[in-house]
Amino acid sequence: MSQHTLPDDLSTGTDYETLAQRFRPIFAEIAQTALQRERERKLPYEPINWLKQAGFGAVRVPKQYGGAGASLPQLFQLLVELATADSNLPQALRGHFAFVEDRLNAPASPEREVWFKRFVAGEIVGNAWTEIGEVAVGEVITRVSRQGDKLLLNGRKFYSTGSIFADWIDVYAQVDGTNQDVIAAIRTSDPGVTQSDDWDGFGQRTTGSGSTVFANVTVEAENLIDFASRFKYQTAFYQLVLLAVLAGIGKAVERDVAQHVRDRKRVFSTGNASSVSQDAQIQQVVGEISALAYAAEATAIRAAHPAQRAYEARFGNDAARERQANIDAELESGKAQIVVSELVLRASTQLFNALGASSARAELLLDRHWRNARTVASHNPLIYKARIAGDWAINGTEPPYVWQIGRGKA
């Protein structure tokens, strides 16, 4: 293979409008029921099933294997549209699309084709990586051990986002004896898997981000994956999903504030017109929100391009190009996080400047946009992303590609 020759079965893009039209009726149905789910804290089993049946989980699978062959910018554009309908859903699917991406980056093999077939058939994957309790940074209590001729998984995880809706779980663990870091892919229906909807955050309340317990769960040898082989831009990918969620929240704020201003009948005597929709200052506020949402979406999609380059460079026989693409993917997703978080949080606060005190009524749930944005923006602390970006700009220090959370040294 020459330096610039790529395999024919990569997912390098498709016609976006044709692809999006497949799912927009489902997005519209999801939007119609989103407030009810928020009000009742009802998990979106049915909407996730609609997406599964429509092949949403296979949009990144190459066309040769029955998928849509979408590029990463196209995937994240779709996730922005989905997040505009309900910001919980793309986050619930975050682990799935990351596992799909890992299989896309894996060498061609019969095992990889089996996973592609599963994705095309509608099967989705959740994730369970974060240890529960006061574990030290880098400590992994979840273990894979050999007992006789079986491999068994034992442990407890939190932030198991989306796993409660999934057919499989991508579990981060270590192998007893060697302490090798691995991914164990296990079925949610396997004996010994217990899932709980115990996420109690004030935002993103229906992402299914609770805890999971694994008690002597059998792991098939072909579903034990060396973590060292994991795709290199994985942390950038996880952040890009959250950027799409934030951008979708921004667009939802724009949609809702325009609708409430359009419908509002009461005016203030200190205002500028006999109707709120004709008040120049209110129009200015809505226009500013629209601009914030536009900038957030544009930044989120722009930040996805280096990840696509990293994916293609993986197969391009050019180590230097691949390394630079991975650096760019990490840095650009991090810098975008800093900016997009601020834009969307500002938009979700400005919303109330365009409306009266009645907009704070609980039944309207307009506060959900700020709560959701604040929760998403708290993932992967952006203050550290700013430091990493600054260290690169000043010193050329390559960003870290994997990080962990846990108890620090006393």
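Here, P(r) means the percent of Cα pairs in each 5 Å bin from 0 to the largest distance; for the stretch 14-148 it is 2, 9, 17, 19, 17, 13, 10, 8, 4, 1, 0.
Over the stretch 279-406, all Cα pairs binned in 10 Å intervals from 0 give whole-percent P(r) values of 12, 32, 28, 17, 9, 2, 0, listed from short to long.
Residues whose amide H comes within less than 5 Å of that of ASP170, counting only those at least five positions distant or on another chain, are GLY126, ASN127, ALA128 (H built at 1.01 Å from N in the peptide plane).
Taking label points 7 Å from Cα along the Cα-to-Cβ direction, ILE141 and GLN180 give a separation of 2.5 nm. For the residue pairs LYS52/LYS385; LYS157/LYS251; LYS42/LYS251; LYS150/LYS232, the alpha carbons lie more than 28 Å apart in LYS52/LYS385; LYS157/LYS251; LYS150/LYS232.
If the chain linking ILE405 and ALA258 were pulled fully straight, counting 0.36 nm for each residue of separation and taking away their Cα-Cα distance, it would gain 48.9 nm.
State, as an integer percentage, the relative contact order of the stretch 111-217 based on alpha-carbon contacts under 8 Å between residues 6 or more apart.
Relative contact order, the stretch 111-217: 28 percent.
One equal scatterer on each Cα of the stretch 165-234, no solvent, Debye formula: the resulting log10 I(q)/I(0) at q = 0.21, 0.25, 0.26, 0.28 Å⁻¹ is -1.00, -1.15, -1.18, -1.25. Solvent-accessible surface (1.4 Å probe) assigned to PHE227 amounts to roughly 30 Å². Projecting the Cα positions of SER290, GLN324, GLN308 onto the charge dipole of the stretch 242-355 (unit charges on Cβ atoms of Lys, Arg, Asp and Glu, taken about the Cα centre) puts SER290 furthest along the positive direction. Projecting label points 7 angstrom from Cα along Cα→Cβ for ALA31 and TRP50 puts them 1.2 nm apart. Here the contact order of the stretch 218-289, divided by its residue count and restricted to Cα pairs under 8 Å and six or more residues apart, works out to 19 percent. Here the contact order of the chain, divided by its residue count and restricted to Cα pairs under 8 Å and six or more residues apart, works out to 17 percent. Roughly how many percent of the accessible protein surface of the stretch 270-410 is carbon and sulfur, given a 1.4 Å probe and a whole-percent answer? So the carbon and sulfur contribution to the accessible surface is 55 percent. If a paramagnetic tag sat 7 Å from the Cα of ARG39 along the Cα-Cβ line, which residues of the stretch 203-222 would have the backbone N under 18 Å from that point? Counting backbone N atoms under 18 Å from the label point, the list is 205-206. To put it simply, the accessible area of the stretch 129-263 at a 1.4 Å probe is 47 percent carbon and sulfur. Taking 0.890 mPa s as the viscosity and 25 °C as the temperature, the Stokes-Einstein diffusion coefficient of the stretch 229-296 based on its alpha-carbon Kirkwood radius rounds to 174 µm²/s.
When both bridge partners sit in the chain, DSSP labels roughly 80% of those beta bridges antiparallel.
The residues of the stretch 222-325 expose on average 46 square angstrom of accessible surface per residue, using a 1.4 Å probe on protein heavy atoms. Once the chain from ALA357 to TYR16 is taken as fully extended at 0.36 nm per residue, the excess over their C-alpha distance is 118.7 nm. Loop-located trypsin sites (Lys or Arg not before Pro) across the stretch 262-306 with a Cβ neighbour count of 11 or fewer within 10 Å are LYS265, ARG266, with loop assigned by DSSP.
The values are calculated or read from the model by the stated rules, or taken from the named source; none is laboratory data. Note that the structure is predicted; figures quoted are calculated from it, not measured. Quick reminder, even Gly has a Cβ in these numbers, built from the backbone with ideal geometry, and neighbours come from all protein chains shown. These accessible areas exclude ligands, DNA and RNA; they are computed on the full protein's heavy atoms, side chains included. Shrake-Rupley method; radii C 1.70, N 1.55, O 1.52, S 1.80 Å.
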